[in-house]
1. For the stretch 57-73, in order, what is each residue's ³J(HN,Hα) by Karplus, 6.51 cos²θ - 1.76 cosθ + 1.60 with θ = phi - 60°, in whole Hz (x at glycine and Pro)?
2. What are the residues whose amide H is under 5 Å from the amide H of ILE103, where those residues sit 5 or more places off or on another chain and H is modelled from the backbone?
3. What does the net charge come to around SER113 if you take all other residues with beta carbon closer than 14 Å to its beta carbon, with K and R at +1 and D and E at -1?
4. Which order do the peptides 59-66, 88-95 take when ranked by the mean count of other beta-carbon atoms within 10 Å per residue, highest first?
5. With θ set to phi - 60° and the Karplus curve 6.51 cos²θ - 1.76 cosθ + 1.60, what are the ³J(HN,Hα) couplings of the stretch 104-109 in order, to the nearest whole Hz, using x for Gly and Pro?
6. Need one number: nm distance between label points at ASN121 and PHE66, each 7 Å from Cα along Cα→Cβ, rounded to one decimal.
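Coordinate-derived values only; no laboratory data. These figures come from a predicted structure and were not determined experimentally. Because the Cβ atoms are built from the backbone with ideal geometry, glycine has one as well, and the counts that use them run over all protein chains shown.
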Amino acid sequence: MTIRPNRRTVLLATGAAALVVGCGDSGDDDSGSATAETSETSGAPEAGGEELTTTDAVPVGGGKIFKDEEVVVVQPEEGEFKAFSAICTHQRCTVASVSDGTINCPCHGSRFSITDGAVANPPATRPLPEKKITVEGNSIRLA
């Protein structure tokens, strides 16, 4: 005897699957570290990685966004350079600006500190993952 699912069972299972996919964690932490590993691996043969910019192109207290590389490079203090993912941890929009000491997402207003990537203004609840860069002379490269 074969038992076939009725219409209610099929609809409930489909709805539950859609709910899990729609409301589940986007896994930004995992994807951020995978992106960082990919960047590090792909950059290794180029002796220091892909050059993003020069030090004089990144303003003190501000930063520069590289959409293709999904990286934002900032200079919180004179001579101190850091890089973070340019993908907002709220809903994966690309950040659009760096001003007044924050990295700003245009989609829902999240802002992140340029000193450590911490959330400065919600709705994001997780910081921007840090990216590895090297600064040699006037050149800033992905590590």
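1. 8, 10, x, 5, x, x, x, 9, 9, 10, 4, 4, 8, 6, 9, 10, 9
2. It is PHE112, SER113, ILE114, by chain and number.
3. Working: positive: LYS82, ARG111, ARG126; negative: GLU77, GLU80, ASP100, ASP116, GLU130.
Net charge around SER113: -2.
4. Working: 59-66: 16.6, 88-95: 18.8.
Result, highest mean first: 88-95, 59-66.
5. 10, 9, x, 5, 9, x
6. Modelled inter-label distance: 2.7 nm.
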